[in-house]
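The values are calculated or read from the model by the stated rules, or taken from the named source; none is laboratory data. Treat the numbers as computed from the prediction; the structure is a model and nothing was measured. Heads up, the Cβs are rebuilt from the backbone with ideal geometry, glycines too, and the neighbour counts pull from every protein chain shown. Accessible surface is based on the protein model in full, side chains and every heavy atom, while ligands, DNA and RNA are left aside. Shrake-Rupley method; radii C 1.70, N 1.55, O 1.52, S 1.80 Å.
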Amino acid sequence: MADTRRLFFALDMPTEVQQQIIHWRAENFPADAGRPIAAANLHLTLAFLGDVSAEKQKALSQLAGRIQQPGFTLTLDDAGLWVRSRVVWLGPRHASLGLIQLANMLRAQAARNGCYQSPQPYHPHVTLYRNVIQSVAIPPPNFRWQFKVEAFVLYESVFAQGRTRYRPLERWQLNN
Ligand code: 2AM
């Protein structure tokens, strides 16, 4: 679409957590499990905006900047397979209130500004593989990554030279 960008709000992850996750993934999944997401692209989406004009981006960015809420702890201690979308994911067994509040706020702002929001319940997750093979086995949930979330990010999804890259555009601090 002309003059639009494919945007989403998400949480990024400390580099060492990204590295630990991809090492765990390499040890616990077969090489042909699916298309692994690159370490630098691992993130947890809060609200997907779709193809957005510069004007709408500005409005959503202003609203995001007004969000006042404390930071929270994110725990990744669960994994699963979505058969229909052929995705293997990591996520929290119990999402913290802070995470749900932040996602709900951004999703509501997006919806009010005409960005279609799926009626499916929000399922916070970090996509690990796409195009997974049907028989992939999910390792037992004997892992746990935990880190403090102090900010959220507006990303642009850029597809170039056959690869998707998530480019951070803006970042907002949560209150301490
Ligand atoms: P996924 O990893 O579960 O596919 C960039 O594409 C981010 O936006 C990804 O986290 C992706 O989630 C999410 N995303 C892409 N399309 C989406 C949609 N239609 N609804 C909700 N999230 C979407």
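Values for this structure:
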| read-out | value |
| --- | --- |
| Hits in region 1-58 (condition: more than 10 Å from the ligand (Cβ to nearest atom), assigned to a strand (DSSP E or B) and closer than 16 Å to residue 157 by Cβ) | 4, 5, 11, 35, 51, 52, 53 |
| Search result, residues across region 43-87 that are open to solvent by 60 Å² or more (accessible area, probe 1.4 Å) and of a type in the set (Gly, Ala, Ser) | 54, 85 |
| Hits in region 106-128 - residues which are within 14 Å of the ligand (Cβ to nearest atom) and either more than 13 Å from the chain's Cα centre (by Cα) or part of a helix (DSSP H, G or I) (or both) | 106, 107, 110, 111, 115, 116, 117, 118, 119, 120, 121 |
| Test: residue 103 is of a type outside the set (Val, Ile, Thr), assigned to a helix (DSSP H, G or I), loosely packed, with under 13 Cβ neighbours inside 10 Å and within 15 Å of the ligand (Cβ to nearest atom) | no |
| Scan of region 1-18 for residues that are open to solvent by 80 Å² or more (accessible area, probe 1.4 Å) and not charged (D, E, K, R), ordered by number | 1, 2, 15 |
